[in-house]
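Taking it in order: structure first as structure tokens, then the write-up.
The values are calculated or read from the model by the stated rules, or taken from the named source; none is laboratory data. In this text the structure is predicted, and so the values were computed from the model without any measurement. Ideal geometry is used to build each Cβ from the backbone, glycine not excepted, and the neighbour counts take in all protein chains shown. Areas reflect the complete protein model, heavy atoms only, side chains present, ligands, DNA and RNA absent. Shrake-Rupley method; radii C 1.70, N 1.55, O 1.52, S 1.80 Å.
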Amino acid sequence: MSLLSRIALPSVLSGIVFSASIHAQSANILLYHHIADDTPHSTSTTTAQFAEQLDHFEEQGYKIIGLEEMVHRIQTGEALNEKSLALTFDDGFVSVCENAYPELKRRGLPFTVFVSTAPVDKGYTGYCNWQQLKEMSKNGATIANHTTDHGYLVRSSLNDAHWLQNAKDSINKAQQRIKEEIGTAPMLFAYPYGEYNNELKHWVSEQGYIAFGQQSGSIGLNSDWQALPRYNAAGNYGSVNSLRHKINAHPLPLNYSELPDPVTQQRQPTMTVNLLPSKDAYYPHLRCYINGQALEPNWLSDTSFSVIPQQPLGNGRHRVNCTAPHRNGSPFYWLSQQWLVMAE
Ligand SMILES: [Zn+2]
């Protein structure tokens, strides 16, 4: 955190905010679940689609790097290929071991698997086993923490005094199991369902984890390191056409740790965003959407706007996405905020 402030602050003070050199310090992460032809559409990337994606990344000059390396390079300002991608797989489904892994190994690509340890410990069919995970870890895979049981971590935060302790126990235990079985456990954590609140994020940060949600977006110097976005590369979003602009996107310039706590009891919660001055992102063409429907931003100044859902939101997860184009039309600058509505 302190290192991040030291890097970020001078660039803000000098007024040369988000210059071309900082653009090179942004990157994108893709999120997968199943790589299979017979699993649920919304969480699946077919084997053919997956190979097609990997071909596309290579053809377009993208460099696939490990997640830890990507984060480290951005945080420390080390050189990063302009087109850097990281591949992540949540849950440790068996198709990742059986279908994705051979393809990734053949191409020599690094990747990260966020594993919930209880299904693996119990030997559930449908999940990779420890032997498979260990084998992958010797050939490019990072095996990382996705809790023990994939429970909802923050849904009981409003009515259960033990919710945080339960979350801590699940994360600690999973970390211990990964270390025991794989021999090493990186400080990387993915929130089940991408659900978190500020209190959990704070504890995760204190422990030293870098943590990942499921909202879309790009990462850069001003990211919230305990709420990093990933682009879903499955279901309707799995085609090369759908991914083309996202893998080339940059973070919308703002301090991401200032975004509101995603857990809300309001049905029409306000997201206020203070953009950083940018000579590249063209704010007048900023567009916002909630759950895919257009949402008019309410401009408070040249660089500050708020968005409020026009219709009351039902309980559960919703996502607000905002994008602004580069002055030249492309690439896009991206922001996504999750709302987890838990009203009476
Ligand atoms: Zn998951």
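How big is the range 39-151 by Rg and Dmax over its Cα atoms, in Å?
When restricted to Cα atoms, the range 39-151 yields Rg and Dmax of 14.7, 43 Å.
Taking the Cα centre of the range 114-165 as the origin, how large is its charge dipole in debye, to the nearest 20, when only Lys and Arg (+1) and Asp and Glu (-1) carry charge on their Cβ atoms?
Its charge dipole is roughly 120 debye.
Spelling out what I want: for every residue of the range 331-344, take phi, set θ = phi - 60°, compute 6.51 cos²θ - 1.76 cosθ + 1.60 (Karplus), and round to whole Hz; glycine and proline get x.
Along the range 331-344, the couplings run x, 9, 10, 10, 9, 9, 10, 8, 10, 10, 7, 10, 8, 4 Hz.
Can you give the local net charge around Arg317? Use residues other than it whose beta-carbon is closer than 13 angstrom to its beta-carbon, Lys and Arg +1, Asp and Glu -1.
+1
At 20 °C and 1.002 mPa s, grab the translational diffusion coefficient of the chain from Stokes-Einstein with a Kirkwood Rh over Cα pairs, rounded to a whole number in µm² per second.
Answer from the Stokes-Einstein relation: 104 µm²/s.
Please figure out what share of the DSSP beta bridges in the chain is antiparallel and state it in percent, rounded to the nearest 5.
Of the beta bridges lying entirely in the chain, close to 50 percent run antiparallel.
Of Pro119, Gly220, Asn241, which is farthest towards the positive pole of the range 2-247's charge dipole, taken about the Cα centre with +1 and -1 on the beta-carbons of Lys, Arg and Asp, Glu respectively?
After comparing all options, I get Gly220.
For the residue pair Ile308 and Ala343, what label-to-label distance in nm results when each label sits 7 Å from Cα along the Cα-to-beta-carbon direction?
For the pair Ile308/Ala343, the computed spacing is 1.3 nm.
Provide the gained length on full extension for the span Ser156 to Glu135, in nm with one decimal, where the gain is 0.36 nm per separating residue minus the Cα-Cα distance.
That pair, Ser156 and Glu135, stretches by 3.9 nm at full extension.
With r as the distance between the Cβ atoms of Ser242 and Asn328 and R0 = 30 Å, compute the FRET efficiency 1/(1 + (r/R0)^6) and round to 0.05.
With a Förster radius of 30 Å, E is 0.85.
Work out how much length Lys279 to Lys168 would gain on full extension: take 0.36 nm times their residue separation and subtract the Cα-Cα distance, in nm to one decimal.
35.7 nm is the gain from fully extending Lys279 to Lys168.
Can you list the HN-Hα couplings for the range 198-213, worked out from phi with the Karplus curve (6.51, -1.76, 1.60; θ = phi - 60°), rounded to whole Hz and with x for Gly and Pro?
Residue by residue, the range 198-213 yields 5, 5, 5, 4, 4, 5, 4, 5, 4, 6, x, 7, 9, 10, 10, x Hz.
With label points built 7 Å along Cα→Cβ from the Cα atoms of Glu82 and Tyr289, find their separation and express it in nm.
2.7
Under a point-charge model restricted to the Cβ atoms of Lys and Arg (+1) and Asp and Glu (-1), what is the dipole moment magnitude of the range 2-247 relative to its Cα centre, in debye to the nearest 20?
Computed charge dipole of the range 2-247: roughly 420 debye.
Once the Cβ-Cβ distance between His56 and Lys105 is put in as r, and R0 is 22 Å, what FRET efficiency do you end up with, to the nearest 0.05?
0.70
Can you list residues from other chains, or at least 5 along the same chain, whose modelled amide H is less than 5 Å from the amide H of His250?
For His250, the qualifying residues are Phe332, Tyr333, Trp334.
Past the 29 Å Cα-Cα mark, which pairs from Lys83/Lys173; Lys134/Lys173; Lys168/Lys246; Lys201/Lys279; Lys122/Lys168; Lys63/Lys173?
Lys83/Lys173; Lys168/Lys246; Lys201/Lys279; Lys63/Lys173
Quick one: what are the phi-derived ³J(HN,Hα) couplings along the range 116-132, Karplus 6.51/-1.76/1.60 with θ = phi - 60°, whole Hz, x for glycine and proline?
8, 7, 5, x, 6, 4, 7, x, 4, 5, x, 10, 4, 9, 4, 4, 5
Amide H of Ala144 versus every other amide H placed in the peptide plane: which residues, excluding those fewer than 5 positions away on the same chain, fall under 5 Å?
Val113, Phe114, Val115
Where does each of Thr184, Thr46 land when they are ordered by accessible area, with a 1.4 Å probe and the largest first?
Thr184, Thr46
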